[in-house]
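One structure is given here, and the rest of the page talks about it.
The values are calculated or read from the model by the stated rules, or taken from the named source; none is laboratory data. Fair warning: this is a prediction, and the values are worked out from it, not measured in the lab. We place every Cβ from the backbone using ideal geometry, glycine too, and count neighbours over all the protein chains shown. Keep in mind that these areas ignore ligands, DNA and RNA; they rest on the heavy atoms of the full protein, side chains included. Shrake-Rupley method; radii C 1.70, N 1.55, O 1.52, S 1.80 Å.
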Amino acid sequence: MSWLVLVLSGVLEAVWATALGRSEGMTRLAPTVTFFLALGLSMAGLAYAMRSIPVGTAYAVWVGIGAVLTVAYAMLTGEEAASLAKILLLGGIVGCVVGLKLLH
């Protein structure tokens, strides 16, 4: 259960990071509210997962999932340029996250 919560928390990290960018310095209500809700749930899930997953592993997985999804979403929406190099590097992060799960 901890791994599922950790993965969902990583997804929420991408949500709050994207919402923060769209909040325009926390001046837009909907993205600002989304940021705080996703941030709170993401941190709570990370804290829960750390009860049974080592801190370093949990944090690396959480950040990796959040980073990959944030960049992938930005590339899909055209907010960030996509390139083969970026896609391959993001694949490397995904491979490392999977590797950490397999080693645990």
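A few notes on this one:
- Charges were assigned to the Cβ only: +1 to each Lys and Arg, -1 to each Asp and Glu. The resulting dipole of the chain about its Cα centre is roughly 180 debye.
- In order through segment 33-46: 3J(HN,Hα) via Karplus (6.51 cos²θ - 1.76 cosθ + 1.60), integer Hz, x for Gly, Pro: 5, 4, 4, 5, 5, 5, 4, x, 5, 5, 5, 5, x, 4
- MRE, 222 nm, helices only [DSSP H, n ≥ 4, -39500 (n - 2.57), over the chain, to nearest 500]: -28000 deg cm²/dmol
- Computed lengthening from Val55 to Met75, 0.36 nm per intervening residue step minus Cα-Cα distance: 4.2 nm
- The loop-placed GluC sites (Glu not before Pro) in segment 8-104, going by DSSP, that have at most 14 neighbouring Cβ atoms within 10 Å of their Cβ come out as Glu24, Glu79, Glu80.
- Shape summary: the chain maps onto an equivalent ellipsoid whose semi-axes, from the alpha-carbon gyration tensor, are 24, 20, 7 Å in decreasing order.
- Rolling a 1.4 Å probe over the protein heavy atoms of the chain, with every protein chain left in place, gives an accessible area that is 76 percent carbon and sulfur.
- Solvent-accessible area per residue for segment 22-94 (1.4 angstrom probe, square angstrom): 60
- Contour minus Cα-Cα distance for Glu24 and Leu103 (0.36 nm per residue): 24.4 nm
- Sorting Met26, Met50 by solvent-accessible area of protein heavy atoms yields Met26, Met50, largest first, with a 1.4 Å probe.
- Computed over the chain: relative contact order in percent, which uses C-alpha pairs under 8 Å that are six or more apart: 32
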